[in-house]
Structures are given as C-alpha cells and as structure tokens.
Amino acid sequence: MDSFRKKFIEEAAELIDKLEVSLLELEKSPNDEALIQQVFRVMHTLKGNSAMFGFDLIDSFTHNLETIYDMIRNGQLEVSKDILNITFSSVDHLKAMLDEQNYEDPDFKTVHNGLMGKINRIINPSNAETEAESAKSSNEKSESLSTYYILFEPNENIFKNGTNPLYLLDELCSLGEHKVFAHFNRLPGIKEITPNLCYTYWEVLLTTDQDVNAIHDVFIFVESDSKLEIQKLAEENLLADKLFVEEVSQLAEVQKDVGLVTIQRLATKAAARINKEKAKQFTKERIATKDKTAASIRVSSDKLDHLMNLVSELVTTQARLSLFAEQTNVPGLAPIVENVHKLTRQLRDIAFSIVLIPIENLFGRFQRLVRDLSAELHKEVDFIVEGADTELDKTIIENLSDPLMHIIRNSMDHGIEDARVRIANGKPAKGKIHLKAFYSGASVIIQVSDDGAGIDPEIIHAKAISKGLVPSDKKMSKKEILDLIFLPGFSTAKKVTDVSGRGVGMDVVKKKISDIRGEVEVESEVGKGTTITIKLPLTLSIIDGLLVSIDSSPFVIPLSSIDKIYAVDKESIYSSFNNLVTLDGTQIPFFSLRKEFNLQPSNEELEQVVVVNFEDNRVGLVVDYVIGEYQAVLKPLGKHYKSHDIFSGATILGDGTVALVMDTNKIIKMFATSK
Amino acid sequence: MDTENKNQIKSYLTFKLGNEEFAAHVSKVLNILEMTPITKVPKAPDYLKGVINLRGAVLPVIDTRIKFGMPETEYTNNTCIIVLDIDVDGESVHVGAIVDSVQAVLEIDNSQIMPLPTLGSRYKSEFIIGMAKVEERFIIILNMDAIFSVDEITSIVDSNQSVAEGTDAQQ
C-alpha cells in the first residue's frame, strides 16, 4: 500500500503543478472555456485519486474547490480575481497537504479552515440575489432535474384579495430555470375593461430539482379559486434544448395557449434528443481520455537507468564487433556489421532522448513566482517564456530550480524599477522579464533578461573595493567587474528585502550551476537591463572529459574544469618543498596524484600538470600521461562508494576497462584539508 | 522471485575462505565471475577492492577476506567473484565478493540448519543464519544482506575469539 501512496503523492504533485500552470493561463484569459475545463478536469482527477488512496482531507478539499470550477464551467460563476486568488492559495495548501502528514498542526488547521470557509462562501454566497442564481445553477448541475408545465389562470377577482400574481410567478421562477408565456387573449376591448379584474393567464415551463409540492406551495393561497395545472413533462432539463424552447415560443405566439397536450408531444421529442446528445458526449469524453493515456506512459526511472546501461553496453560491444569485422575480412560480414552500427546509433540516440524532459514544468513555477512577486512589490511585469519545450536531463532541471528562482527574484526586486521611475526614464510602465531556453550545440542555454535599471559597473567596483574583495588600484574590464557579483559576500541590495536579501547571493547561484556542470555569465547595460545566461550540458550522464593515466590506470578529468595542460620535468615537481610550480610565469599550487593516491613515484622524466579551476584559483594536478579527449558515459559507483565522493562516477572505455571520473573540486578540497 | 518462492528453494552456494566453508542462499547470487583485473579506487577503504565492468554496469568489488578480518592472500586460478544481490534498506544493490574458491550448490533442508552454539562460537550471531553438517563437513550459512550492506569494515569474528588460519596448509 505504501508504494501506492508514494505513487499517488508523486502523481498528485504533478497534477498540482499542472493545475498551477493552467490557472496562470486562465488568469490571462479568464473566458477560455478549454482552460476552465482543464482546471476542472485536473481537480477532478486529483479528487478521485485522493479518495481512492484514502487522503480524505485532500478529497473533501478538492471537492469543494472543484465545485467552484464546475459552476464556472456551467456559466453560473465568472472567473474573478477573488476566485483565482483563493485557488492559488488552495494550490499552495494542497502542496502542504501532500508534504505534511501532521494535519493536527494548529497552523495547518487555521489555514485549512480559513480556505474552506472562503471556498464555501463562493459556492453559497449569503446574499439573496446570488442565492437565486446558485439555486438555478444547482438545478442545472444536479442529476435529478425535471421539467414541469404549469398553467396558472388566476381568478378574475384575485386583486381583490390583495394578491399580485406577478409575485407568485417571481417565486415560481426562483425555483429554477424557466420560460414564462403570458396570454392576453381574454383581455376585453378598452371600453369593456374593468381595471380591477385579472384577465391574464400564464403558461410556465420550469426546470427544477424541487419536487411538485414545492410548486404547489407557491400557489398555496390562490390554488382554491384559481385554475392551476401542474404536469411533469420529463426528467430532463428540456429548457436546455433550444429547439424545444423555440417551438413552444412560436406556438405561444400564434395560439391563444399552447396547451398541455401539444407541449407534452414536443417534450417527448426533446427528451429523446437530449438523451442522444448525452450519450454522444459520454463517448466523446471516453475517447478523449483514451487518447490521453496512449500519448505517454509512466516508466520508473530504474527501468530507464537499466535501459541506458544496456544501450551503452551494446555500443561498446558494437565497437568491438566493428573492429573484429575489419580484422577478419569475412565476406558478407561488413554490411551486417555496418547495419548493426547504424541501428545501435539510432537506439542510443533514442535512449538518451528518453531521459530528457521538457523544461516546461520548471518554467510554470516561475510564472507563479512572478505573479506573486509583482503583487508583493507592486511592480507590473510582463513575464515572457520562450522555448519551454527545450529538453534537459531530469536531474539538471531539478537542480536548476533554486538558482533560476533567485535570478528571477533579483530581476524583479533590483532590476525592474518602480512604474514612476520607469515612466520618467521613458520606458513603458510595465516591466518585462524574458525567460528563454534554447539549444546551442551540445548544450542548452537559459537566459533571463529584464529591461530594468541594469547593473552599474562603477557601483559594483566601488563596493567590491570597500568590501576588500579587489585591490583599489587594479584596472578591471567591465566584464571582470560584472563578474564580481558572483563573489561570495557580495550583495547589492540597498536594504534587505523579503524578496532577495536572504543572505543568498549570486555566489550560491554560481556554485549550484557549476555543480551541474553549467556556467553563468552576466551582461548588463545601465538603464537598459540585465541578461544572465546559463549554459548547461544536455545531460549529466555524458561528459566531455580528458582521459589521463596514473600508474597505468585510466582516469577521466571533466573538461569543463580544465584550464590548461603543461609538461613539466620531474625534478621541479619532486624537489618542490611548498608544492608550488612555476608555469607561464605564475606560481601555481599543485598536487601529485600519484603521491596523493599513495602510489610509487613514476620513472618518467616528464610529468603532465593538468591545471584546473578551483574556486577562482588555478590548481595543478600531476598525472603520468594525457591520453586525449574522451566522451564518457557516466555511471554511478554504487552505494558502497557513497561516502567516497572524490570520484563522481566511472565510465567504461572502449576496451571494457573501467576509468574513474574525478570530481576535481572535491579532490582538491580533500587534499587541501589533509595537509 | 517473491519471498515465498525464495523460502522454498533450499539450494545454497558454498565457497571457501581459507579452510572454512561458507554458504550463501542461491537467491542472493546473481552470477559467478572469474577473477578479472579490478580498477582500484584510490583513497577507498582496504576491503573495497575497486570496481569492475559487469556487462556495461560498474560493479563494486569487496575482498571478503578483509571484510571478514582474515589476512589477504594472493589471488589464484580458483579465486572467484560472486555477484550478489544485496538488500540495503529495501533497495537492491549489486556487489561483487571475492572468495578463495567456489565449491558447489548444495541442497540443505531447513531442518538440517542448526543454530550456532552460543558458547565458544567464533562468529557474531547477527551475520550467521546457522550451521549445517553436510558429509561430515560443517558449513556456515551466512546472512549476506547483513554482511555486505554495512558500510564499515565488519569483522564477523567475535573479537574475543580468533579464526584459526589454515590457508597456508591448503596451498
């Protein structure tokens, strides 16, 4: 059962994300029926799932929420800012409900009850006018709708009792959807008319979920001396059938009264039509859901990992087969091997594309963030998203969320100016933030640009000097200065705001992005805006690396962290006392990997120093040989090596041997601390 | 294979470390490999011998002797890697265990498995399922999940006792 619950939570989280996205779109176009339908459907699925897995609280909560959208769907309510705000809070609350198992928490209860109250108020507003409306709506919604025919011929002397028949009709009409036909054909000529007599009579078609007694109740005081006929026509909402209403109205105009018999005949026809329509709709809905299930399926990531393993194994085997075919020269073998080669390559490409998911979900979250922030900061902002269908490795997308959120917060908080300032500077009052994702070679570029104030390099420079981050006499290019914002301990916010000044700076953004082997760059033009560009690898499972060998074992160093490679003679390495080597005129600290890995010193006269970037410093790693560039399929080392994180994984070379992939940051950190 | 089926199978793979004969339930054993070159992982604990390429996946290999607190020996032609499917907190983890030699697959009935004598036992009880007497030999049946899921080096030998080493006599 637990695994089912887990699955439910997973699925529910996805549904809630989807809901949020749809809601944001709905906010933009509140009258889009397709969107309303979509919101309703997602809620409905969520409700159904939670009921099935025993999440009763979520079930009842979504049920009420769903009711609102059902009413909107049926046109009894309009999408309003109020409703949307409540729905957004509800979405947050639903997320909390999924995370938090402790429903007894008093804070949680307050939020829950508060929201429930608000939702109920929307569903059942207290003022009378909307009550009638909602009564009407509940008729339409309820399954037990019936249509009645009512003929009301008041006694001529009805006015003498002080009764106004129109009031009775009003009351009758409040029971549900209605169509009233007034007949004046008994009205005498103007000369014969007696003003205090009632000549008019009415025929009413009423669709209601109340029973016939409720209708009788309306006429309770006049029933005895008036002519009253009440007849159930069908257990359907006949008034929803336009043809029927039209036919009856036409008859009512030409004839003095339509008469029960005629109406009944029309009613049977209409009821048949409605039933047919319903059946059609039902099958349509079923077809729609069927289509949906076929479009995508759910696969556990374990299976995908397995598939990836098999595919890489196949690729390795295929390489060996090709080599073998070349050597043996058996007639007819070459074309077969070539075919296998082609198929393997296609298979590999498809397998890799499976683990990529569109960045859409992530971007949806930011829509929400911008919406909330623009309310909080009172800044109107157009948030434009481009390239949401760009695909990235799932792990990268997960790790991208925080840094991107921070960048967007910064743009909202510091970048975009107040409307007044913007107008004074000749910009449109509404700010613009552009989030864009696109492919560039084997990487994905994500750009956040705003048309805000931009970053003034002079202020940055002055600030960096005052903080002692750079020497005051150093000449720096604009790019160098802008890059200073990525230094730890640098924050330009004038005051600590709720939005961005949380002690987390751009340095953390940079670190997080380099953790997923990405790069960040900033460009800015004072008064025009700032663009932050993130460059990411397509997937975490393939890396560009440098294959090196140490004591005849192969190792891979990620190319992204490598700065330069030097050949240095052995003497200058082994005679160095303070582990510093002079390369290109600068002294660089180095570590001999042979020594650090507790291996014997090598006999070679020349050693290779691979200089890597480590936290803004350059550090040399001494290896025996540099073999060359290598595209490595990264594989985990397994649970037993979990605490041993100086290697981020291993890769299998063409000849089947295993090469370890170094995490240079962690290796250097470990060596530095062990000194 | 579900648990019920597993319990019904009475087959055990036996292997030797020195003169001592051990057994592991066959449901835990995925594969037996000949000794292959192992890629060492620098800076890792001694008993973690390194990793090998198991049909495209990277498999960590553990020297069972070191793990069991026995002295290391040279690898011989008989040295094998048993690929085990270990259950670590409900997750299936594959690991290779280097043993001196693999013996046979034996049918051992549950009734043949005796609990370890509490007194004078050399082994810690949490790692041992029991002992079986087959053809006048005593075979120690191991709890592979418990032995290989622990991160630190675990001596399955009770610290008060010591394992009688007969490896040299065998060779």
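Results, tabulated for the structure shown:
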{"item": "Candidates A:D349, A:D291, A:D257 - the one that is more than 30 Å from A:L637 (Cα to Cα), of a type in the set (D, E) and either at pLDDT 80 or above or not assigned by TED's automatic domain parsing to the domain that holds A:E235 (or both)", "result": "A:D291"}
{"item": "Matching option when the condition is exposed (fewer than 14 other Cβ atoms within 10 Å of the Cβ), part of a helix (DSSP H, G or I) and touching a residue at least 60 places away in the same chain (Cβ under 8 Å), among A:E338, A:E326, A:E376", "result": "A:E376"}
{"item": "Residue that is at negative phi and within 14 Å of another protein chain (Cβ to nearest Cβ), where the choices are A:S549, A:S576, A:S602", "result": "A:S549"}
{"item": "Test: residue in the range A:185-196 that is outside the structural domain of A:Q76 (by TED's automatic domain parsing), modelled with pLDDT under 80 and not in a loop (DSSP other than H, G, I, E, B)", "result": "no"}
{"item": "Verdict on A:V504 being at pLDDT 85 or above and out of contact with any strand residue (DSSP E or B) (no Cβ under 9 Å at 6 or more places or on another chain)", "result": "no"}
{"item": "Test: residue in the range A:30-39 that is closer than 13 Å to A:T87 by Cα, assigned to a helix (DSSP H, G or I), hydrophobic (A, V, I, L, M, F, W, C) and assigned by TED's automatic domain parsing to the domain that holds A:M97", "result": "yes"}
{"item": "Flag if A:F438 is of a type in the set (F, W, Y), surrounded by fewer than 15 Cβ atoms within 10 Å (Cβ to Cβ) and out of contact with any Lys or Arg (no Cβ under 6 Å at 6 or more places or on another chain)", "result": "yes"}
{"item": "Residue match in the range A:109-131 (condition: among the polar types (S, T, N, Q), surrounded by fewer than 18 Cβ atoms within 10 Å (Cβ to Cβ), more than 46 Å from the chain's Cα centre (by Cα) and modelled with pLDDT of 80 or more)", "result": "no"}
{"item": "Residues of the range A:649-661 that turn out to be facing chain B (nearest Cβ under 10 Å) and either modelled with pLDDT of 90 or more or not in a loop (DSSP other than H, G, I, E, B) (or both), as a count", "result": "7"}
{"item": "Condition check for B:I52: within 30 Å of A:S592 (Cβ to Cβ), within 14 Å of another protein chain (Cβ to nearest Cβ) and not in a loop (DSSP other than H, G, I, E, B)", "result": "yes"}
{"item": "Those residues of the range B:37-49 which are in a loop (DSSP other than H, G, I, E, B), at the interface with another protein chain (Cβ under 9 Å from one of its Cβ atoms) and either closer than 20 Å to B:V102 by Cβ or out of contact with any Gly (no Cβ under 9 Å at 6 or more places or on another chain) (or both), in sequence order", "result": "B:P37, B:I38, B:P42, B:K43, B:P45"}
{"item": "Tally, over the range A:195-242, of residues that are under 47 Å from the mean Cα position of the chain (by Cα) and not aliphatic (A, V, I, L, M)", "result": "10"}
{"item": "Any hit, the range A:67-77, residues being within 18 Å of A:R365 (Cα to Cα), within 23 Å of the chain's Cα centre (by Cα) and hydroxyl-bearing (S, T, Y)", "result": "no"}
{"item": "Single residue of the range B:34-71 satisfying the filter (of a type in the set (D, E, K, R) and out of contact with any Lys or Arg (no Cβ under 6 Å at 6 or more places or on another chain)) that is nearest to A:S553 (Cα to Cα)", "result": "B:K40"}
{"item": "Residues located in the range A:567-583, provided they are loosely packed, with under 15 Cβ neighbours inside 10 Å and either modelled with pLDDT of 80 or more or touching a Lys or Arg at 6+ places or on another chain (Cβ under 7 Å) (or both)", "result": "A:A567, A:D569, A:L580, A:T582"}
{"item": "The range A:611-648: number of residues that are within 8 Å of another protein chain (Cβ to nearest Cβ), within 34 Å of the chain's Cα centre (by Cα) and touching a residue at least 24 places away in the same chain (Cβ under 8 Å)", "result": "1"}
{"item": "Any hit, the range B:88-99, residues being within 14 Å of another protein chain (Cβ to nearest Cβ), touching a residue at least 60 places away in the same chain (Cβ under 8 Å) and small (G, A, S)", "result": "yes"}
{"item": "Count of the range B:74-119 residues which are within 17 Å of B:I62 (Cα to Cα) and part of a strand (DSSP E or B)", "result": "19"}
{"item": "Selection count, the range B:55-80, where residues are within 14 Å of chain A (Cβ to nearest Cβ) and crowded, with 17+ Cβ neighbours inside 10 Å", "result": "11"}
{"item": "Counted residues, the range B:15-36 - those being in contact (Cβ under 8 Å) with a residue 60 or more places away in the chain, in a strand (DSSP E or B) and not charged (D, E, K, R)", "result": "9"}
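The values are calculated or read from the model by the stated rules, or taken from the named source; none is laboratory data. Quantities reported herein were computed from a predicted structural model and do not represent experimental measurements. Positions of Cβ are backbone-derived with ideal geometry, glycine not excepted, and every protein chain shown enters the neighbour counts.
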